[in-house]
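Please read the structure below before turning to the comments.
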Amino acid sequence: MKGVAVPFRGRSIPGALPVVPSRGHESFFMRIDILTLFPEMFTGFLDGSLLGAARASGLLDIRVTNIRDFAEGVHRQVDDRPFGGGPGMLLMPGPVVACAEHVVADGLQAAVGADVGVQAERAAAPVILLTPGGRRLTQEVVEELSRRERIILVCGRYEGFDARVSTALGAEELSIGDFVLSGGEVAAMVVVDAVCRLVPGVLGDEESARQDSFSNPGRLVEGPQYTRPREFRGMGVPDVLLSGDHGKIAKWRQEQAIVATRRRDAGPSDRSGEPSINQSPVPTKKAPELTARAIETTPRSVP
Ligand code: SAM
């Protein structure tokens, strides 16, 4: 789809995709803006099966805007050396803030004519800077983001943002984990992927998202799952899964989820000699013992 040219300080800013109007209360609609110096990185990602289909059906409106289009001068400079010295370059505040303000204003314009209830929400959409030091992304945060009408993600590069960007935009900061990436683009993709699959209508089967790891009230990870064949390299499938007794199956799955969660939380030091839950032939000899121990020691808050 070709972008619409938008004027900025006498120049024409390419890239913004046409506005997809809200289809009313029966269908949820989310607009996501990604601000980046490398828009081409998102091409395959956004056209992929799940996101591509959701965009085509009008559930999601995802736009990518190039921060460099908002830089001044012939060289369109976006980075400079840090005051006080130190390695690398920082993103200058001017282009990032101008780009974000432009995108926020564009969303407000798009909201005019949309549902009244949607307007206020879009107007309030905070800008999110992707930074290693930001609030950690968890499934709880993903759920919170998926309830918003609009998300604006800004990808950093080089040594990151000038500190005044966050203040000028009143931005939130979000980290996808305690490690450092070369740029915010992959982090933005992680956020978009995790959030969009929770937007009603995006996944074919919404029940599957409710049963995923971290998605139940106890935030348990999923236990082992099996498909055909019944026998693989000498490994079978737990009898209960073949029993047809849905009550027993649900109980077994809950117990296995508790075991898997406790193993994960215990960390490597508590796993000595025990095969990983994914490697072990099932049912493992230790499974009943582990299940009993997990249920015994699980805090009351975990159902
Ligand atoms: N100097 C920065 C620091 O020490 O915190 C690291 C900058 S990093 C090389 C460049 C950009 O990648 C960041 O501005 C941010 O947008 C993105 N990034 C790196 N790690 C990230 C993480 N864990 N979560 C979110 N974004 C990250």
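The values are calculated or read from the model by the stated rules, or taken from the named source; none is laboratory data. Everything numeric in this text was worked out from a predicted model, so none of it was measured. So basically every Cβ, Gly included, is an ideal-geometry build from the backbone, and we count neighbours across all protein chains shown.
Listed by position, the helices (runs of 4 or more DSSP H) inside the stretch 127-221 whose residues that are out of contact with any Phe, Trp or Tyr (no Cβ under 9 Å at 6 or more places or on another chain) and in contact (Cβ under 8 Å) with a residue 24 or more places away in the chain number at least 3 are 139-146, 164-169, 184-196. The residues of the stretch 207-249 that are touching an Asp or Glu at 6+ places or on another chain (Cβ under 9 Å), surrounded by fewer than 16 Cβ atoms within 10 Å (Cβ to Cβ) and small (Gly, Ala, Ser) amount to a single one, 213.
With respect to (1) among the basic types (Lys, Arg); (2) within 34 Å of the chain's Cα centre (by Cα); (3) farther than 26 Å from residue 143 by Cα, the lone exception for residue 253 is condition (3).
If we scan the stretch 167-175, do we find a residue that is more than 6 Å from the ligand (Cβ to nearest atom), assigned by TED's automatic domain parsing to the domain that holds residue 95 and closer than 13 Å to residue 35 by Cα? Scanning the stretch 167-175 turns up no residue that is more than 6 Å from the ligand (Cβ to nearest atom), assigned by TED's automatic domain parsing to the domain that holds residue 95 and closer than 13 Å to residue 35 by Cα.
Of everything in the stretch 20-42, what is of a type outside the set (D, E, K, R), over 19 Å from residue 142 (Cβ atoms) and modelled with pLDDT under 95? Give them in sequence order. Correct list: 20, 21, 22, 24, 25, 27. One residue stands out in the stretch 36-91 among those that are of a type in the set (Val, Ile, Thr) and assigned to a helix (DSSP H, G or I): the one that is farthest from residue 183 (Cα to Cα), namely 43. When the stretch 146-157 is filtered for residues that are more than 6 Å from the ligand (Cβ to nearest atom) and either touching a strand residue (DSSP E or B) at 6+ places or on another chain (Cβ under 8 Å) or of a type in the set (S, T, N, Q) (or both), the ones remaining, listed by number, are 146, 148, 149, 150, 151, 152, 153, 154.
Within the stretch 176-214, if we keep just the residues that are over 14 Å from the mean Cα position of the chain (by Cα) and more than 20 Å from residue 59 (Cβ to Cβ), the residue that is farthest from the ligand (Cβ to nearest atom) turns out to be 211.
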